[in-house]
Amino acid sequence: MEGIIHAIVLGIIQGLTEFIPISSSAHLRVVPALLGWKDEGAAFTAVIQIGTLIATFIYFREDIGNLLRGFFRALKTKNFFSDPESRVFLLIIIGTIPISICGVAFKKFIVGDARGLYVVASMLIILAVFLFIAEKVSSKKKDMQHVTIKDGIIIGCAQALALIPGSSRSGVTITAGLFCGLRREAAARYSFLLSIPAITLSGLYELYSERAELLAENKINLIMATVVSGVVGYMSIAFLINYLKTRTNFIFIVYRIAFGLIILFLLSQGIITNLQGVK
């Protein structure tokens, strides 16, 4: 019973924080540490992300259909980057390359020292500052259809930072999108679509590479966490897309800084330790 409760709580945390730019990995590290639970590890996190991946597919099914149709149209005309849908589709694929390469190259660091709470707290605060600057300097005029090749490369490279716990995949890509002049809603929409290949590859890679460890896990708990993360994730997407139509990211900036400072305070008082629970 205790394991199921843990799974539900972790699923809720994953679903709430995967899309809202406050870092799911930070919360999945800190909350269990505060509650005295073990850190489930990067493999567990990658697998329950499949729930939020399915939520993304369902919510953006029309966008995904339009992008695919645009790409197949371009196959006939060979104008892959002239058609807006085809261009966005290809830029999402291209934008997945940096995080894929870095994920493999720095895997040992990502699942080890990078999960330290000093790193998590630092990334929460640093990326909050960048998001604040982006909010101030962005023209916020572009729709997703106006994303250029340069924009796609910049946002794709920024996504690689999401490998560091505390940064937030949506946080870094929305920030990069704002720096590229996208409207807040468009930046969030592009960010979520860009996450699909990365989360898919990450989940499949962890399923294969950590299959022995995952097979030893309680399957019911793993499935429960994945399902809960998907349901809550869908609601989080809907909330953020609608929220950013009329509001800024300021509340998330304040939250990130406050959360980062709280972690640093807890570390300084010895209430939690830097690598507490990390395997």
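The values are calculated or read from the model by the stated rules, or taken from the named source; none is laboratory data. Since the model is a prediction, treat every value here as computed from it, not as a measurement. All Cβ positions, glycine included, derive from the backbone under ideal geometry; neighbour counts span all protein chains shown.
Any residue at all in the stretch 37-49 that's out of contact with any Ser or Thr (no Cβ under 6 Å at 6 or more places or on another chain), crowded, with 19+ Cβ neighbours inside 10 Å and modelled with pLDDT of 90 or more?
Within the stretch 37-49 (the criterion being out of contact with any Ser or Thr (no Cβ under 6 Å at 6 or more places or on another chain), crowded, with 19+ Cβ neighbours inside 10 Å and modelled with pLDDT of 90 or more), the answer is no, since none of the residues qualifies.
So which residues in the stretch 164-185 are assigned to a helix (DSSP H, G or I) and buried (at least 24 other Cβ atoms within 10 Å of the Cβ), if there are any at all?
Correct list: ARG169, SER170, GLY171, VAL172, THR173, ILE174, THR175, ALA176, GLY177, LEU178.
Given PHE57, PHE71, which one is in contact (Cβ under 8 Å) with a residue 12 or more places away in the chain, assigned to a helix (DSSP H, G or I) and in contact with a Leu (Cβ under 8 Å, 6 or more places away or on another chain)?
Result: PHE71 is the single residue among PHE57, PHE71 that is in contact (Cβ under 8 Å) with a residue 12 or more places away in the chain, assigned to a helix (DSSP H, G or I) and in contact with a Leu (Cβ under 8 Å, 6 or more places away or on another chain).
Residues SER122, SER138: which one is of a type in the set (Ser, Thr, Tyr) and closer than 21 Å to SER23 by Cα?
Numbers: SER138 fails: closer than 21 Å to SER23 by Cα.
Being of a type in the set (Ser, Thr, Tyr) and closer than 21 Å to SER23 by Cα holds for just one of SER122, SER138, which is SER122.
Are there any pairs, at least 6 apart or on different chains, whose C-beta atoms fall under 8 Å, with the first in the stretch 135-163 and modelled with pLDDT of 95 or more and the second part of a loop (DSSP other than H, G, I, E, B) and of a type in the set (Val, Ile, Thr), and if so, which?
GLU135/THR248; ILE155/VAL147
For residues that are β-branched (Val, Ile, Thr), modelled with pLDDT under 90 and surrounded by fewer than 17 Cβ atoms within 10 Å (Cβ to Cβ), tally how many sit in the stretch 91-122.
Residues flagged as β-branched (Val, Ile, Thr), modelled with pLDDT under 90 and surrounded by fewer than 17 Cβ atoms within 10 Å (Cβ to Cβ) within the stretch 91-122 amount to 1.
Residues that are in a helix (DSSP H, G or I) and among the acidic types (Asp, Glu): does the stretch 210-227 have at least one? Before the answer, list the steps.
Here is the first cut: in the stretch 210-227, the ones in a helix (DSSP H, G or I) are 211-216, 219-227.
In the following step, the residues that additionally are among the acidic types (Asp, Glu) were identified as 213.
Yes, there is a match, as at least one residue in the stretch 210-227 is in a helix (DSSP H, G or I) and among the acidic types (Asp, Glu).
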